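Input: a single structure, listed below in C-alpha cells.
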C-alpha cells in the first residue's frame, strides 16, 4: 500500500497535466477528433474536458459570417463591370462534423467550397444581363436573388445556410458612364425646353384671357352707356365738386354758376 500510493499520486498528476478543458460558447459548436477519427455528433455549448494525446476539440463558428468579394465580370454586351458583393452565410451546427470530414477545417471549407461557388455564381448570373440592368436597382435585386438561389441549391446539402446576397457597389465601364452622362444631359435639356414651352403657352393663355376680358368689357360698356346714362354720370361728377352748383332748366339742361369763395 505504501508503494502504490505514490504511484497513484504520480498518475493523477500526469493525468491532470495532460488534461485540458475546452469552452464552447453560444454561437459555437464543438467537433471532436479522437486518434484521427472525427466524431459524428457535434458537441453543444458548455465546458468539455479533453486529453490532448487521445482527444482534441475544434471549436466551430456557427454565427452569421460575411464573405466579401470584388469581381470584374462581363455583361451580356461584353463590357466589364466591377462589383462589390457580400455573401451572408452560416454553418448548420448538426453538419459541422461532416464538413470537417469531407472538406477540412473552418478556413479550408470557406476557401475550397464557399468562395469558388460564390465567384462562379456571380460570373454566371451577371453575364446574362446588360449593363443597364446591372446598374438599375430592380436588376440588382433580381441578380442577387438568382445568385442566392444558385448557392442554396449547391451548398445547403453541404451544411451551409445562405442568408443573403448583397450587391453593394457597381462600377460601370467608362464608355457606358459617358453615354449615361450624355443621355442625362440631353434629358435635362429636353426637360428645360419643355418647361420653357409650357411657360410660354401659359403666358400666351394669360394674354388671350386678358384681351378677351377687355373686349367683353368694352362690348358691355358700348351696349349699356346710353346718352341718358352718360348725362347722369356727368351730373353726378359735377355734383361732387363743391365749387359748382346746377339748376335744371325747362329743356332739362343744367345752368352752372360758380360759387364764390366762402360760399357767398
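Read-outs throughout are calculated quantities, based only on the coordinates presented, and are distinct from any laboratory measurement. For clarity, every value in this text was computed on a predicted model and none was experimentally measured. Note that each Cβ is placed from the backbone with ideal geometry, even for glycine, and that neighbours are counted across all protein chains shown.
Worth pointing out:
- Cα→Cβ-extended label distance, 7 Å offset, between residue 217 and residue 145, nm: 6.3 nm
- With the convex hull of its Cα atoms as the shape, the stretch 65-177 has an orientation-averaged projected area of 6.6 nm².
- Based on the Stokes-Einstein relation at 20 °C and a viscosity of 1.002 mPa s, and on the Kirkwood radius from alpha carbon pairs, the stretch 94-155 is assigned a translational diffusion coefficient of 165 µm²/s.
- Rg and Dmax of the stretch 32-77, based on Cα coordinates, read 19.2, 61 Å.
- Extension gain for the segment residue 21 to residue 200, taken as residue separation times 0.36 nm less the Cα-Cα distance, is 55.9 nm to one decimal.
- Pairwise centroid distance, computed over Cα atoms, of the stretch 109-170 with the stretch 23-46, Å: 31 Å
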